[in-house]
Amino acid sequence: MKINIIEARSDLGVHVDGSNLGAQELNKELNLNSFIINKDNIEKSKSHTDLRKNEESINHFTKKVFDTTLSILEKNEIPLLIGGDHSCVIGSALASQKYNKNIGIIWIDAHGDYNTFETTKSGNIHGLPLAAITGYKCEELTNFITDNHINPKNCVVVGARSIDPWEIGNMIDAEVTIFTTEDIKNEGASNIMKKAISIASNNTNGIHISYDLDVIDPNIAPGVSVPEENGINEKEAYEIMNEIINNKNIIKSMDLVEFNPTLDIDDKTKKIALNLLKQFME
Ligand SMILES: [Mn+2]
């Protein structure tokens, strides 16, 4: 099936600048036709006390991503969103849920992204999208689309190693499945992905994949806004993508997010991101 790219050029979900430049930087190399979605032309809030940073602009952005993703799906094509920070994908995941009716989601990420406005300490909305997508509070972020969330029981986080104490409570409450980086080290990336796919596809019509580059160790992939030590290695990163490709018949939509070119060293992260994109598009 034809893949159609969305360049999601926003870093409004995080106080660190630069991830808005990620998609453009990657597509410069790929040189593929794409839909381009820009953030609002406003001054980005980075206030430490604002616990709803850039909420309104992120909602505008989400709606644009949602409409674009839906238009791609309606042409019977696969949307591939390139971020942007992780708040960019609320619209892509929920458009896929709307079009495919009932899907599961696999969230490959060092973080849980399962905070709510009550539990967030930073107010960075890129720490809330998975909760919003699975309808766990955060209604303010999905107001444009009611009763269309992904069932958290079909939601799997893969590669987590930095989950806030309150956030883990949300995830347990919602019955999200978590596989940690340690699980990947112990059981192998392919085996963990097989388990994740089985949970996400159980009684659903397909899967949305959201791949955050910060799951990879920052010594190998330093170009991300919120790096976490002791991540997966490059081989494991590709093994994860291999399992995704092996299940292409049920993968309905895909994101690759959080590449921040301003923090990259010697194009290390860029090269891995490009390899992952090429692997998916083969
Ligand atoms: Mn993330």
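Exactly one of (1) surrounded by fewer than 18 Cβ atoms within 10 Å (Cβ to Cβ); (2) within 28 Å of Asn20 (Cα to Cα) is unmet by Ile172. Its number?
Of the numbered conditions (1) surrounded by fewer than 18 Cβ atoms within 10 Å (Cβ to Cβ); (2) within 28 Å of Asn20 (Cα to Cα), the odd one out for Ile172 is (2).
Would you check if there is a residue in region 28-44 being surrounded by fewer than 24 Cβ atoms within 10 Å (Cβ to Cβ), of a type outside the set (A, V, I, L, M, F, W, C), within 14 Å of the ligand (Cβ to nearest atom) and under 16 Å from Glu258 (Cα atoms)?
The answer is no; no qualifying residue exists.
Is region 19-26 home to any residue that is surrounded by fewer than 20 Cβ atoms within 10 Å (Cβ to Cβ) and under 28 Å from Thr181 (Cβ atoms)?
Within region 19-26 (the criterion being surrounded by fewer than 20 Cβ atoms within 10 Å (Cβ to Cβ) and under 28 Å from Thr181 (Cβ atoms)), the answer is yes, since at least one residue qualifies.
Residues Thr181, Thr177, Thr146: which one is surrounded by 20 or more Cβ atoms within 10 Å (Cβ to Cβ) and hydroxyl-bearing (Ser, Thr, Tyr)?
Only one candidate qualifies: Thr181.
Return the only residue of Ile265, Ile220, Ile244 being hydrophobic (A, V, I, L, M, F, W, C) and touching a strand residue (DSSP E or B) at 6+ places or on another chain (Cβ under 7 Å).
Result: Ile244 is the single residue among Ile265, Ile220, Ile244 that is hydrophobic (A, V, I, L, M, F, W, C) and touching a strand residue (DSSP E or B) at 6+ places or on another chain (Cβ under 7 Å).
Would you pick out the residues in region 119-137 that are touching a residue at least 40 places away in the same chain (Cβ under 8 Å) and part of a loop (DSSP other than H, G, I, E, B)?
Across region 119-137, the qualifying residues are Thr119, Thr120, Lys121, Ser122, Gly123, Asn124, Leu128, Thr134.
Looking only at region 232-282, which residues are surrounded by fewer than 20 Cβ atoms within 10 Å (Cβ to Cβ), in contact with a helix residue (DSSP H, G or I) (Cβ under 6 Å, 6 or more places away or on another chain) and not in a helix (DSSP H, G or I)?
Asn247, Ile250
Residue by residue through region 90-102, note down the ones that are touching a residue at least 60 places away in the same chain (Cβ under 8 Å) and either within 11 Å of the ligand (Cβ to nearest atom) or surrounded by 24 or more Cβ atoms within 10 Å (Cβ to Cβ) (or both).
Ser92, Ala93, Ala95, Ser96, Gln97
Checking Tyr114 against (1) within 16 Å of the ligand (Cβ to nearest atom); (2) over 26 Å from Ile250 (Cα atoms), only one condition comes out false. Which one?
All conditions pass for Tyr114, except number (2).
Please work out if Asp164 is surrounded by 24 or more Cβ atoms within 10 Å (Cβ to Cβ) and within 16 Å of the ligand (Cβ to nearest atom).
no
In region 196-249, how many residues are within 16 Å of the ligand (Cβ to nearest atom) and of a type in the set (Phe, Trp, Tyr)?
So the count comes out to 1.
Is one or more of the residues making up region 153-162 outside any strand (DSSP E or B) and β-branched (Val, Ile, Thr)?
no
None of the figures in this text is laboratory data; all of them are computed from the coordinates on show. Source: prediction; values computed, not measured. Positions of Cβ are backbone-derived with ideal geometry, glycine not excepted, and every protein chain shown enters the neighbour counts.
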